[in-house]
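J.: Just passing along the structure, written as structure tokens.
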Amino acid sequence: MGFKGRKPRLKACGGRGSVYEDFCVAHKAGGGYVAMWIDSEEPMADLEKAWEHLAQVATVAAWNKPDGASDDQVLFMTTCMETWIVADRRALRDHYRRELNENPLPALAEIEARSRRSIQDALESATRNCRNAYAKGKRSFEILEKVKPDVLKRHLPSFARVVRILKDKL
């Protein structure tokens, strides 16, 4: 993403609840910029109103904005990590080669307006006949390593927001 020499320190925290709890602890401790990077779960009406979105998403309704927290401390993969993977068709082709069936994949225009389930279903369908069909976990991270930031910025406003915020904060 172009942060050579000033890379953010990333910490995998497990499930959504653990991410939120760890964020709250780190935020309260202070000492610099801390953020949580999560799936938005649902399309977002306004990318800049992160805490408002979290309050409206049923799976995270119990999440309250900690005192002093700001919207730029919530970074989203909208609607999910698979959106990033589907957005970089070249990375998909490089990974799956000729076995990939691109027909089920959604158009890139306004891809972040699609539901998480539709994105995941499309990716699973596109790789159904591949020897290494898409699955969350190790396979998802193998593909994620191959996506290109410039491609994501071009197709995903939420990714462009993450880059903008991190450039400002790091």
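The values are calculated or read from the model by the stated rules, or taken from the named source; none is laboratory data. What you see is a predicted model; the values in this text were computed from it and never measured. With ideal geometry, Cβ positions are generated from the backbone for all residues, glycine too; neighbour counts draw on all protein chains shown.
J.: Criterion first (surrounded by 20 or more Cβ atoms within 10 Å (Cβ to Cβ) and of a type outside the set (D, E, K, R)) does ALA109 satisfy it?
T.: Against the criterion (surrounded by 20 or more Cβ atoms within 10 Å (Cβ to Cβ) and of a type outside the set (D, E, K, R)), ALA109 does not qualify.
J.: Still on this model: Considering only residues of region 55-83 that are of a type in the set (S, T, N, Q) and part of a helix (DSSP H, G or I), which is modelled with the lowest pLDDT?
T.: My answer is THR59.
J.: Any idea which of VAL74, VAL86 is more than 16 Å from VAL162 (Cβ to Cβ) and among the β-branched types (Val, Ile, Thr)?
T.: Going through VAL74, VAL86 in turn, just one is more than 16 Å from VAL162 (Cβ to Cβ) and among the β-branched types (Val, Ile, Thr): VAL86.
J.: If you don't mind, another one. I want to confirm something. Restricting to region 107-133 and keeping residues that are in contact (Cβ under 8 Å) with a residue 24 or more places away in the chain, under 17 Å from the mean Cα position of the chain (by Cα) and part of a loop (DSSP other than H, G, I, E, B), which single residue is nearest to LEU156 (Cα to Cα)?
T.: Among those that are in contact (Cβ under 8 Å) with a residue 24 or more places away in the chain, under 17 Å from the mean Cα position of the chain (by Cα) and part of a loop (DSSP other than H, G, I, E, B), it is LEU108.
J.: Right, something else. Being of a type outside the set (Val, Ile, Thr) and under 22 Å from TYR20 (Cβ atoms) narrows it down to one of PRO106, PRO149, PRO157, PRO66, so name that one.
T.: That would be PRO66, the only listed residue that is of a type outside the set (Val, Ile, Thr) and under 22 Å from TYR20 (Cβ atoms).
J.: In region 134-170, how many residues are touching an Asp or Glu at 6+ places or on another chain (Cβ under 7 Å) and assigned to a helix (DSSP H, G or I)?
T.: 5
J.: So which residues in region 121-138 are loosely packed, with under 12 Cβ neighbours inside 10 Å and of a type in the set (A, V, I, L, M)?
T.: Residue satisfying the conditions is ALA135 alone.
J.: To continue, here is another question. So which of ARG161, ARG128 is of a type in the set (D, E, K, R), in the same structural domain as GLU42 (by TED's automatic domain parsing) and modelled with pLDDT of 95 or more?
T.: Matching residue, one of ARG161, ARG128: ARG161.
J.: Residues GLU41, GLU52, GLU99: which one is crowded, with 16+ Cβ neighbours inside 10 Å and modelled with pLDDT of 90 or more?
T.: Result of the check over GLU41, GLU52, GLU99: GLU41.
J.: Also, quick follow-up: Only one of (1) in a loop (DSSP other than H, G, I, E, B); (2) touching a residue at least 12 places away in the same chain (Cβ under 8 Å); (3) among the hydrophobic types (A, V, I, L, M, F, W, C) fails for VAL86. Which number is that?
T.: With (1) in a loop (DSSP other than H, G, I, E, B); (2) touching a residue at least 12 places away in the same chain (Cβ under 8 Å); (3) among the hydrophobic types (A, V, I, L, M, F, W, C) applied to VAL86, the lone miss is (1).
J.: Exactly one of (1) in contact (Cβ under 8 Å) with a residue 24 or more places away in the chain; (2) outside any loop (DSSP other than H, G, I, E, B); (3) in contact with a helix residue (DSSP H, G or I) (Cβ under 6 Å, 6 or more places away or on another chain) is unmet by ASN101. Its number?
T.: All conditions pass for ASN101, except number (2).
J.: So, VAL74, is that one buried (at least 18 other Cβ atoms within 10 Å of the Cβ), assigned by TED's automatic domain parsing to the domain that holds ARG164 and within 18 Å of the chain's Cα centre (by Cα) or not?
T.: Taking the combined requirement at face value, the residue satisfies it.
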